[in-house]
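Accompanying notes for the structure given below.
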Amino acid sequence: MKSFVCVDRDEEFSTKAQKWIRNRTQSDSKHRSDNKVGLKKKVGLLRGISIIVGIMIGAGIFISPKGILKNSGSVGMSLVVWIACGVLSLFGSLCYAELGTCITKSGGHYTYLLEAFGPKMAFMRLWVDLIAIRPAGYAVISLAFGQYILEPLFMPCEIPPMAIKLVTTIGITSVMYLNSMSVTWASRIQIVLTCSKLLAIAFIIVPGMYQLFKGHTENFDNAFELSSVKLSGLPLAFYSGMYAYAGWFYLNFVTEEVQNPERNVPLGICISMVIVTSCYVLTNVAYYTVMSAEEILLSEAVAKTFALKMMGDFSVAVPIFVALSCYGSMNGSAFAMSRSFYVASREGHLPEVLSMIHIRRHTPLPAVLILYPLTVLQLFLGDIYGLLNFMSFLRWLFIGVAVVGLIYMRYTRPDLPRPFKVPLFIPVVFSVMCFLMVFMSLYSDPVNTGIGFAVSFTGIPAYYIFIAFDRRPKWLQKAFHLSNRTLQIILEVIPAEM
């Protein structure tokens, strides 16, 4: 496959750069028991669960679950939507468990589209991820971190927007530095942050269940009052619920680093989905035992209102827990997404330097850092929320296509090893629901959805310009060679040793 930058791995410049880096670090290598440079299998079952749970549980469950209540129309229907979204997400995670065990390469969506439908479809997904979805999504969760880490310092005053952006930039920088320096420490901190999220949720669930067992069930009276349920709002409630559950696929981005992936990928995904679904449903039940539906709809931050009613001054700790939750999502996303860019570079769809590993740290340093400037640029210059509005539906479009690829490969590649295999109706139901959500977006917001489609289709000319076009000017090829060599020397990275 042709490289994004037309780099031949056997070129003289690459060999000289690698020799220079190796000579510079030779003294360090003598003290290592394993001199092979590459990504190590350091993600066990617990770390895998912490990646999924840590990314899935963000700020939403603490701040504003009222969106589902508002669109579903009643307490009972909102709980049904939470459960239904959990079941459908479980279906999707089971499909990805099969994909992750039969295609044991990192990269997630990109890798599965590449294997099922070839490089053009995979590059379109990669292109949209790189130029829009990932920087914008990462900037949004990072802004939430900046907002809530500063809230206790500015209460009750309004936080200056520039202060939020500056603190957000510091948070992004720390996450990128952590993931650049050590895979082990990034994983360990992810476990700690995930435990802090579950502890924060426990502070909501336990008092709520105590109130429920004491007989405070008045807010559940007429829970399924159908007069307030609007069928037109249910799709929007369902869409919001699926957004809250997004993240179950991130372990598939690091499959090559998972110990015993045939066992730990499906087991980690299933355990994570049970944990998250249970937490979401029980947390909402706890909210309803203390607050009425009207109070929840009027609340700016449901968890904070809950804490004020139940714990008084302890409510000041809620923003800290929310900030830690956001930081965990930032750390897990950086860890997982860098592997997608790493694999895409290895396949020739991104500059070669992105598939190189730091010679001492054994981290994909260039692939980690690529999101940094794009995210900070979005943070200060871009309309992040507007971008997410017209790009978010593309996530479900490409996930649906990837699951269709699972069905397609059942017939085109029947001999592919499948240690974990789901019944056929599960990928069929899940892919149909993904496409229904896409069509729902087309119906509810055709302008922004059309813009999103237009942005995604720019990947087609980009593919032919950067990937399929052979005859580039020699001066341009030399410029690409020089930039790759320079970055390789500055970052002290070399191709992974197979």
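Here is the figure for region 438-454: residues that are within 15 Å of F238 (Cβ to Cβ) and open to solvent by 50 Å² or more (accessible area, probe 1.4 Å) total 3.
Kindly indicate whether F457 is touching a helix residue (DSSP H, G or I) at 6+ places or on another chain (Cβ under 7 Å) and either hydroxyl-bearing (S, T, Y) or at negative phi (or both). Judged against the criteria, F457 is not a match. Among the numbered conditions (1) closer than 30 Å to I359 by Cα; (2) open to solvent by 30 Å² or more (accessible area, probe 1.4 Å), the only one that F213 does not meet is (1). Among the residues that make up region 346-356, is at least one of them at pLDDT 85 or above, in contact with a strand residue (DSSP E or B) (Cβ under 6 Å, 6 or more places away or on another chain) and either open to solvent by less than 10 Å² (accessible area, probe 1.4 Å) or not basic (K, R) (or both)? Yes; the residues of region 346-356 include at least one that is at pLDDT 85 or above, in contact with a strand residue (DSSP E or B) (Cβ under 6 Å, 6 or more places away or on another chain) and either open to solvent by less than 10 Å² (accessible area, probe 1.4 Å) or not basic (K, R) (or both).
The one condition from (1) over 18 Å from the mean Cα position of the chain (by Cα); (2) more than 17 Å from Y245 (Cα to Cα); (3) open to solvent by 60 Å² or more (accessible area, probe 1.4 Å) that L324 does not meet is (1). Look at region 163-176: where a residue is under 15 Å from Q378 (Cβ atoms) and part of a helix (DSSP H, G or I) and a partner is among the polar types (S, T, N, Q) and open to solvent by less than 10 Å² (accessible area, probe 1.4 Å), sitting 6+ places away or on another chain with Cβ atoms under 8 Å, you get T168/S142; G171/S142; I172/S142; I172/T375.
Of everything in region 15-72 that is among the hydroxyl-bearing types (S, T, Y) and under 33 Å from the mean Cα position of the chain (by Cα), the residue that is modelled with the lowest pLDDT is S64.
For region 392-478, the helices (runs of 4 or more DSSP H) that sit wholly inside it and include 1 or more residues that are within 23 Å of the chain's Cα centre (by Cα) and at pLDDT below 85 are 425-444, 446-457.
The values are calculated or read from the model by the stated rules, or taken from the named source; none is laboratory data. These numbers were taken from a predicted model, which means no experiment stands behind them. All Cβ positions, glycine included, derive from the backbone under ideal geometry; neighbour counts span all protein chains shown. When the accessible area is computed, the model is the full protein with side chains, heavy atoms only, and any ligands, DNA or RNA have been set aside. Shrake-Rupley method; radii C 1.70, N 1.55, O 1.52, S 1.80 Å.
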